[in-house]
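The values are calculated or read from the model by the stated rules, or taken from the named source; none is laboratory data. Keep in mind the model is a prediction, meaning the values are calculated, not measured. We place every Cβ from the backbone using ideal geometry, glycine too, and count neighbours over all the protein chains shown.
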Amino acid sequence: MNLIKSVFYVLLVVFTLPSYAQEIPPIQIFTPQDYGAEDQNWAIDQSEDDYIYVANNKGLLEYNGASWTLYNSPNAVILRSVRVVQEKIYTGGYMDFGFWTKNEQGRLIYASLVNDHKLSIKEDEDFWGIIAIEGYVLFQSFERIYIYNIVEDSFDIISSDARINKMFNVNETIYFQKTDLGIFKIENGGQTLVTSAEIIKNKELVNIFKSDLGLLLLTKEDGFYSLIDNEVKLWNEDLNTLLLGLSIYSSAKLNDDSFVLGTIANGMLHVDKHGKSLLKVNQSYGLSNNTVLSIMDDSFGNIWLGLDNGINVINLNSPYKVYTDKQGILGTVYASAKTENYLYLGTNQGLFYKLLETNDKFKFIQGTKGQVWSLAVVQGDVFCGHDKGTYVIKGTNAEEVSSEIGTWVVKEIDGNPNLLIQGNYKGLNVLERVGSAWRFRNKIEGFNISSRYFEFIDAHELLVNHEHKGVYKIKIDADFRKIIDYKKLPISRGKKSSITTYNNKILYSYKEGVFGYDDVNHTFKKDTVLSELLSNDKYVSGRLISDGNGNKLWGFSDEAIIYIEPGKLSSVPKVNTIAISSEVRKSKSAFENINDLSNNNYLIGTTEGYLIIDLNKIEHKALDINLNSIDYGRHPDKLMPSNLVQSNVFKNKSNNIRFKYSVTNFSKLSASKYQYKLIGIYDNWSSWSMSPEVFFKNLPHGDYKFEARAMTDGILSNNVLSYSFSIEKPWYLKPLAIVSYFVFALFFIYVLYYFNKKHYKKQQQKLIDNKERELRLEQLENQRQLIQVKNKNLQQNIENKNRELGMATMNLVKRNELLNNIKGELSKSKTLSEVGKVVKLINSSINDTNDWELFEEAFNNVDKDFMKKIKSIHPSITPNDLRLCAYLRLNLSSKEIAPLLNISHKSVEVRRYRLRKKMGLEHEQSLSNYIIEL
């Protein structure tokens, strides 16, 4: 019987849970690869600064909202428990427990209480639970509870022979369960039995909660029990029936008194305080694993799940709910509509429906297979614009009313409730009500352009937009059967453009802005206000959707959904931003669709299902931005942590600096983005970035102030992060170096002055020397010129004397020749006695020494050193030889010399020969030349 019952429960779970088609809160998934540790996560807690701490198989994980940090566990043991108490993070694991504190660099440092207090730990003792209460921290293993007095830094120990499964904190009272013995509590430092009721003492407790009348006991296998006045009984049979066979392992009670239950194999359940199931989430609905080892609700209302493989965060209080078509049955949602009983989805696979306020699966409406373009509720009827035509939906059935292919949209005509106009692939068509049914009446002739977007100027005038052709103004006849006139308006065509009516004004939107139609001039004019409001982000689509019920105009950008509504105190519209990027919302670009469900709840179709936004729950809450770490170093790949508490002065070479910062935003759909500036070099705010860090390389020396801020959901952070620091000057710019430079400069100037002075003095002396030399040269030149003049005069005198000497010599020669001739003639006379006297007189005249003396004196005046020189060279020569040399010096021939010596020509030659021998001249050497050249 028990076996059959167990099989029934298992089948109930297997076949019940997957049948739900839930709209679930966003779930953020962190894999072991994301947080850089191992699979299992045994406990989770949150600090006062909203950081998340997780006890993981590999150590302690810290999450700041932007990045994870792993602190390896001491002795590489598995951490089983974690609890944050003020600035300390207490952890417990295999045969050890202690606490972590942050140092000045923002890094966690571990201190073992076991080692510091030399506690005697039992063999293989593992610490599974930690509770903080009234200045105490309690550490629970299966054998003991260690009570740590924080103020006195001392321990008390509660031991148990029976296994202690868990301990619980209920309104500052500590309870724990002993296997097979019952539930105990700690009083006055000891243990007191609370109940040993048979119905509960053999059941493993998962948690104990406070109830209105007593305690609620959550068991692992048998659901909830109540303990009131020492009586234990089942609490909620319906809930317990749901929980049977699910094996609850972890749990938490939320602020609204609802419960979150984690199972071993079926994910997480959320039930209200009355036991009604609110949410069931497992691996089929977004969890990364079905085994929930730990649960923690944070200060923002998110539910953290420590799983057997990963960490998940459920944004339970999020204004968003997500329906994801895991099986791919629906396809991309292009349209939605809501009636009193049903929610309809028009997709590229057809039309689907489900009952409102249920988790039923969406069901396909037969006959609608194919592309659905639009859904519209008109006069209580649901019209489905389809690739194959037009359908009217009656509950769960589709009735075809037009087979004209490609119905984009169906609209009412003001003042004519029995006619509708629909835009098709090939123009416009008319539907007509006949009785209680709608039927196709006619095609409006004269216009065959695809009419996905059209708006009424009045009942018979329309504006039709075609993204590739432009905007056309159309006038239709009174019976809506043909086009009377149409023309293309002077407005640029735009890819992914659209046209809509908002506050009785037709708006045309494309990449260049929003343009309003001017009824008077029949043209479009740019609406600067709306263009400015919708152009603050990257263009994705010109799709504008007017929500007539809520008086809102919706637009879509790359990083947000934007809706505009009338200003309350001015004519300027109020712009609202929902910071969900196109990547997250996954809508089909240019086919974005949104539908007002009710009470400010809107459905947005996506490529994987749809997203529901509850505008009432959107809170524009500013978050704080935190500085997580500063790393610096000489090399970008070898950085060291820096002090976060006070300003720092970095060495000049350690000028590569990285800042990491974050906001504790745990929302899946609204990410935070960051800006920074570095005053001193980058004084303006940077562009917004999703990166929670910035790295400055090779900063020059100087004083800096780093600032950063964040934006979440379009709201700036509460604070601007600020950190001042300096980078030292290089050694060659420091004061000592500058003084050295100054001294060196003075020395250099002195040396330069000294050498310049020396150089100038040398140059001056050189100039003086040059001047003196020039003067000397000038003087010498003057002397030379004077000597030249004297020499010239002397030469002139010599020449004159030479002429005189020559003339005298010639006169002597002629005279002697004459006398010799006379002598010769006289010798022929016969009167010898008379002639002898004359001849004797002639000989006396020829041999007169006075003539020679006069000649010698004249010769010496002309060539005064010749006689001395030749005598010094040839001391053996006689006066007659000197006389001959003088005549040879005058270049006289032997014939001319003979009369002067009063000898014959032949005797002259003999004398010459003898003179040559005395002088030792060679045979071939000329005597005359030798004497002349001396």
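The figures follow:
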{"read-out": "Residue that is exposed (fewer than 10 other Cβ atoms within 10 Å of the Cβ), part of a helix (DSSP H, G or I) and modelled with pLDDT of 80 or more, where the choices are Leu752, Leu736", "value": "Leu736"}
{"read-out": "Matching strands (runs of 3 or more DSSP E) fully within the stretch 638-684 where at least 1 residues are within 18 Å of Gly702 (Cα to Cα) and under 21 Å from the mean Cα position of the chain (by Cα)", "value": "656-663, 672-679"}
{"read-out": "Identity of the residue in the stretch 326-353, of a type in the set (D, E, K, R) and surrounded by fewer than 18 Cβ atoms within 10 Å (Cβ to Cβ), that ends up modelled with the lowest pLDDT", "value": "Lys326"}
{"read-out": "Qualifying positions in the stretch 335-363 - among the aliphatic types (A, V, I, L, M), part of a strand (DSSP E or B) and either more than 48 Å from the chain's Cα centre (by Cα) or in the same structural domain as Lys280 (by TED's automatic domain parsing) (or both)", "value": "Leu355"}
{"read-out": "Where a residue in the stretch 872-892 is under 12 Å from Ser928 (Cβ atoms) and its partner, wherever it lies, is acidic (Asp, Glu) and in a loop (DSSP other than H, G, I, E, B), with Cβ under 7 Å and at least six apart", "value": "Arg889/Asp863"}
{"read-out": "Subset of the stretch 234-275 (residues that are at negative phi, touching a residue at least 12 places away in the same chain (Cβ under 8 Å) and among the charged types (D, E, K, R))", "value": "Asp238, Lys253, Asp256, Asp272, Lys273"}
{"read-out": "Condition met for Gln379 (at pLDDT 95 or above and either in contact with a helix residue (DSSP H, G or I) (Cβ under 6 Å, 6 or more places away or on another chain) or surrounded by fewer than 22 Cβ atoms within 10 Å (Cβ to Cβ) (or both))", "value": "no"}
{"read-out": "Count of residues meeting criterion [hydroxyl-bearing (Ser, Thr, Tyr), more than 13 Å from Met296 (Cβ to Cβ) and either in contact with a strand residue (DSSP E or B) (Cβ under 6 Å, 6 or more places away or on another chain) or crowded, with 24+ Cβ neighbours inside 10 Å (or both)] in the stretch 249-262", "value": "1"}
{"read-out": "Every residue from the stretch 293-325 that is within 16 Å of Asn266 (Cβ to Cβ), surrounded by fewer than 19 Cβ atoms within 10 Å (Cβ to Cβ) and polar (S, T, N, Q)", "value": "Asn309"}
{"read-out": "Options Ile897, Ile877; residue that is surrounded by 16 or more Cβ atoms within 10 Å (Cβ to Cβ), touching a Leu at 6+ places or on another chain (Cβ under 9 Å) and either at positive phi or in a helix (DSSP H, G or I) (or both)", "value": "Ile897"}
{"read-out": "Segments classed as strands (runs of 3 or more DSSP E), wholly inside the stretch 188-240, with at least 3 members that are touching a helix residue (DSSP H, G or I) at 6+ places or on another chain (Cβ under 6 Å), charged (D, E, K, R) and loosely packed, with under 12 Cβ neighbours inside 10 Å", "value": "none"}
{"read-out": "Test: residue in the stretch 567-578 that is among the polar types (S, T, N, Q), touching a strand residue (DSSP E or B) at 6+ places or on another chain (Cβ under 7 Å) and in a loop (DSSP other than H, G, I, E, B)", "value": "no"}
{"read-out": "Matching residues, the stretch 481-496, being in a loop (DSSP other than H, G, I, E, B) and basic (Lys, Arg)", "value": "Arg481, Arg493, Lys495, Lys496"}
{"read-out": "Residue that is modelled with the lowest pLDDT, among those in the stretch 267-301 that are within 12 Å of Leu254 (Cβ to Cβ) and of a type in the set (Val, Ile, Thr)", "value": "Val271"}
{"read-out": "When residues of the stretch 170-180 are limited to those that are of a type outside the set (Val, Ile, Thr) and surrounded by fewer than 16 Cβ atoms within 10 Å (Cβ to Cβ), the one nearest to Phe139 (Cα to Cα)", "value": "Glu172"}
{"read-out": "Search result, residues across the stretch 622-637 that are aliphatic (A, V, I, L, M) and part of a loop (DSSP other than H, G, I, E, B)", "value": "Ala622, Leu623"}
{"read-out": "Subset of the stretch 364-383 [within 49 Å of the chain's Cα centre (by Cα), assigned to a strand (DSSP E or B) and not small (Gly, Ala, Ser)]", "value": "Val372, Trp373, Leu375"}
{"read-out": "Test: residue in the stretch 611-632 that is under 26 Å from the mean Cα position of the chain (by Cα), farther than 19 Å from Asp49 by Cα, surrounded by fewer than 16 Cβ atoms within 10 Å (Cβ to Cβ) and at pLDDT below 95", "value": "no"}
{"read-out": "Index of the failed condition, Glu104 passing every other in (1) within 45 Å of the chain's Cα centre (by Cα); (2) at positive phi", "value": "(2)"}
{"read-out": "Residue in the stretch 527-540 that is in a strand (DSSP E or B), at pLDDT below 95 and in contact with a helix residue (DSSP H, G or I) (Cβ under 9 Å, 6 or more places away or on another chain) present", "value": "yes"}
{"read-out": "Residues that are more than 53 Å from the chain's Cα centre (by Cα) and closer than 17 Å to Val430 by Cβ, drawn from the stretch 384-398", "value": "Tyr391, Val392"}
{"read-out": "Residues located in the stretch 8-39, provided they are in a helix (DSSP H, G or I), crowded, with 17+ Cβ neighbours inside 10 Å and either modelled with pLDDT of 50 or more or charged (D, E, K, R) (or both)", "value": "Pro32, Tyr35"}
{"read-out": "Those residues of the stretch 264-282 which are closer than 12 Å to Asp308 by Cα and surrounded by fewer than 23 Cβ atoms within 10 Å (Cβ to Cβ), in sequence order", "value": "Ile264, Ala265"}
{"read-out": "Residues of the stretch 703-723 that turn out to be under 19 Å from Ser647 (Cβ atoms), over 21 Å from the mean Cα position of the chain (by Cα) and surrounded by 13 or more Cβ atoms within 10 Å (Cβ to Cβ), as a count", "value": "1"}
{"read-out": "Subset of the stretch 561-597 (residues that are among the small types (Gly, Ala, Ser) and either modelled with pLDDT under 90 or in contact with a helix residue (DSSP H, G or I) (Cβ under 9 Å, 6 or more places away or on another chain) (or both))", "value": "Gly567, Ser570, Ser571, Ala579, Ser581, Ser582, Ser587, Ser589"}
{"read-out": "Qualifying positions in the stretch 490-526 - at pLDDT below 90 and among the acidic types (Asp, Glu)", "value": "Asp519"}
{"read-out": "Phe142 within 53 Å of the chain's Cα centre (by Cα) and either of a type in the set (Gly, Ala, Ser) or more than 30 Å from Asn628 (Cα to Cα) (or both)", "value": "yes"}
{"read-out": "Positions within the stretch 302-341 being over 29 Å from Asp39 (Cβ atoms) and small (Gly, Ala, Ser), in sequence order", "value": "Gly331, Ala335, Ser336, Ala337"}
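Here is a yes/no grid of residues against (1) farther than 28 Å from Tyr285 by Cβ; (2) small (Gly, Ala, Ser); (3) touching a Gly at 6+ places or on another chain (Cβ under 7 Å):
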residue: Thr358; (1), (2), (3): no, no, no
residue: Lys361; (1), (2), (3): no, no, no
residue: Lys394; (1), (2), (3): yes, no, no
residue: Gly415; (1), (2), (3): yes, yes, no
